[in-house]
Amino acid sequence: MALPESSNAIYYRLRGLRVTGRPEDQVWYFAFGANMHDKAFRERRGMRPIEWRAGRVRGNRLRFNLEGRPIGKAAPANISPDAGAEVWGALYRVSRLDLLQLDSTEGVPGRRYRQDINGHPLQAVTYIADGKKTDGNPSLRYITLLREGARAHGRPESYLRFLDSVKHAE
C-alpha cells in the first residue's frame with residue numbers, strides 16, 4: 001500500500017523515488033549528529049519518537065566533511081567507512097509518516113544496518129552524504145548540540161571526550 005500523496009510524498013516522487021508502506025508503520029532512525037539533541041529532533045524537526053535507545057555503528061567514523069552554512073564556517077556531521085572505528089548516536093523509532101517529514105528536512109535519504117548499544121542488529125535509516133575528502137570544523141552551535149545530545153543519551157565517556165576534542169569553526 002502506498003502512502004497518501006502529501007507534500008513529503010511529492011518530495012520523493014519528484015526525485016524519482018517510490019514511497020511504500022502505511023503512514024503508521026514504524027521504522028528505526030539512527031541519529032549521530034544534531035538530531036541526537038532533543039531540542040533539534042523534537043522541537044526543530046517536529047519529530048515524535050515512539051521510543052529511543054542508545055545505538056552505535058561499527059566500521060564507520062564520524063566526520064565533518066559536508067559544506068554547511070555559512071560556507072567555510074560550519075561543517076555538519078557525516079559518517080564514512082573506517083574498519084577500526086565506531087559512531088555512537090541515538091536510535092529513534094518513528095512512524096513512516098514522521099520519517100517522510102524528516103527526509104524532507106534532511107534531503108539525503110539512505111538505508112544502512114545499525115546496532116543498538118547491546119549489540120543487537122537493527123535495520124535502521126540514517127543519512128550519509130557524499131562528503132568532501134577533507135574535514136572542516138563544525139560551528140560552535142552545532143558541535144554543542146552533538147555534545148549535549150551525546151551526554152543526554154548516555155554515550156560512553158571515551159566518545160564524549162572525542163566530541164569535546166573537536167575544534168569548532170571560528
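Any idea how many residues of the range 117-161 are hydrophobic (A, V, I, L, M, F, W, C), closer than 15 Å to Ile79 by Cα and touching a strand residue (DSSP E or B) at 6+ places or on another chain (Cβ under 8 Å)?
4
Tell me, which residue of the range 132-159 that is among the charged types (D, E, K, R) and free of Cβ contacts under 8 Å to residues at least 24 places away in the same chain is surrounded by the most Cβ atoms within 10 Å (Cβ to Cβ)?
Start the filter on the range 132-159 by keeping residues that are among the charged types (D, E, K, R), which leaves 132-133, 135, 141, 147-148, 151, 155, 157.
Checking which are free of Cβ contacts under 8 Å to residues at least 24 places away in the same chain leaves us with 141, 147, 151, 157.
On the way: Arg141: 10, Arg147: 17, Arg151: 15, Glu157: 7.
Here the answer is Arg147.
Among residues belonging to the range 34-48 that are assigned to a loop (DSSP other than H, G, I, E, B) and either hydroxyl-bearing (Ser, Thr, Tyr) or buried (at least 19 other Cβ atoms within 10 Å of the Cβ) (or both), point out the one that is nearest to the chain's Cα centre (by Cα). Give the derivation first.
Step one: list which residues in the range 34-48 are assigned to a loop (DSSP other than H, G, I, E, B), which gives 37, 45-48.
Those left that are additionally either hydroxyl-bearing (Ser, Thr, Tyr) or buried (at least 19 other Cβ atoms within 10 Å of the Cβ) (or both): 37, 47.
Working: His37: 11, Met47: 13 Å.
If we take residues in the range 34-48 being assigned to a loop (DSSP other than H, G, I, E, B) and either hydroxyl-bearing (Ser, Thr, Tyr) or buried (at least 19 other Cβ atoms within 10 Å of the Cβ) (or both), then His37 is nearest to the chain's Cα centre (by Cα).
Within the range 91-99, is there a residue that is in contact with a His (Cβ under 8 Å, 6 or more places away or on another chain), closer than 20 Å to Leu122 by Cα and aliphatic (A, V, I, L, M)?
So the first thing to find is which residues in the range 91-99 are in contact with a His (Cβ under 8 Å, 6 or more places away or on another chain), and the list is none.
Checked the range 91-99: no residue is in contact with a His (Cβ under 8 Å, 6 or more places away or on another chain), closer than 20 Å to Leu122 by Cα and aliphatic (A, V, I, L, M).
Tell me the residue from Leu122, Leu146, Leu140 that is over 21 Å from Phe30 (Cα atoms) and among the aliphatic types (A, V, I, L, M), please.
Values: Leu122 fails: over 21 Å from Phe30 (Cα atoms); Leu146 fails: over 21 Å from Phe30 (Cα atoms).
After ruling out the rest, the residue left standing is Leu140.
What's the number of the only condition in (1) modelled with pLDDT under 90; (2) under 21 Å from Gly136 (Cβ atoms); (3) crowded, with 21+ Cβ neighbours inside 10 Å that Asn78 fails to meet?
(1)
The values are calculated or read from the model by the stated rules, or taken from the named source; none is laboratory data. Here the structure is a predicted model, which means the values were calculated and not measured. All Cβ positions, glycine included, derive from the backbone under ideal geometry; neighbour counts span all protein chains shown.
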